[in-house]
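Just below is one structure, and these are the notes that go with it.
The values are calculated or read from the model by the stated rules, or taken from the named source; none is laboratory data. Remember, it's a predicted structure, so these values are computed and weren't measured experimentally. Here the Cβ positions follow ideal geometry from the backbone for every residue, glycine too, while neighbour counts run over all protein chains shown. The area values use the complete protein model at the heavy-atom level, side chains included, leaving out ligands, DNA and RNA. Shrake-Rupley method; radii C 1.70, N 1.55, O 1.52, S 1.80 Å.
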Amino acid sequence: AIAARVRTQSAEITEKISTARKAPPRLYDLTTLQRDANKKLGWTAADTLKIAQNLYEKQKAITYPRTDATALPEDYPSECVRILDSLEKEGYETETALANEPNQAPFKKSIFDNSKISDHFAIIPTGTGLRGGSSEEQVLYKMSVLRFVAVFCDYAEIEEKMRTTIVQNEEKDHFRSKCSTVTHPGWQAIDGVRVGDSKPAPLPGQHGDKAT
């Protein structure tokens, strides 16, 4: 019934635009690492723990994985500088170039917080690198590296456009749609996000235009 009464009718476009800032996710603890590995790779929690233990015990490539902390000690910024420098030499120079100095990171207070640490701090690369290793170890190591680098990057800034198309009929039927466009990728550039990326693709027309 709605489709029948609005088809071929004239309409007016109104839009409201706002900017959202999205902070990077926190550093990994075991639970969030397992959750991400399950979502992206289909691994079970047991699979992820086993691989993480190998990276810790045998490869010495990541810190202790059986942790529930997502923060680092407050005296750790200089150690993070060393790790970032090491990661750059490992081939992550494109990613580390996006990072701020740990002492100047926008989220420094939430990254370095002794009150959020119990026996062990968050899972991060150790800076010794990964020499060889199984394909699964390489994938999980890269996940920990990218999460570590991301926390030192800028906000992602996203333009949120909410459009209401108002049909000029007796009922004044409204159709609403939303489009998010990246204006500054910040930490999301690590995942390949670029300026202008939109979800979904922008609709034609703009505020004040007529539509059918």
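List of remarks:
- Residue within the stretch 154-168 that is within 29 Å of A52 (Cα to Cα) and part of a helix (DSSP H, G or I) present: no
- Qualifying position, being within 30 Å of T164 (Cβ to Cβ) and of a type in the set (D, E, K, R), among R35, R21, R26: R21
- Summed over the stretch 96-144, residues that are part of a loop (DSSP other than H, G, I, E, B), open to solvent by 50 Å² or more (accessible area, probe 1.4 Å), over 28 Å from N54 (Cβ atoms) and at pLDDT below 95 total 1.
- Within the stretch 1-23, restricting attention to residues that are of a type outside the set (D, E) and in contact with a Lys or Arg (Cβ under 8 Å, 6 or more places away or on another chain), the residue that is most open to solvent (accessible area, probe 1.4 Å) is K16.
- Considering the stretch 48-77, the residues that are part of a helix (DSSP H, G or I) and without any contact (Cβ under 8 Å) to a residue 24 or more places away in the chain include one that is most open to solvent (accessible area, probe 1.4 Å), namely K50.
- Tally, over the stretch 145-181, of residues that are open to solvent by 30 Å² or more (accessible area, probe 1.4 Å), farther than 29 Å from P106 by Cα, touching an Asp or Glu at 6+ places or on another chain (Cβ under 8 Å) and not polar (S, T, N, Q): 1
- Every residue from the stretch 33-47 that is farther than 15 Å from K142 by Cβ and surrounded by 16 or more Cβ atoms within 10 Å (Cβ to Cβ): Q34, D47
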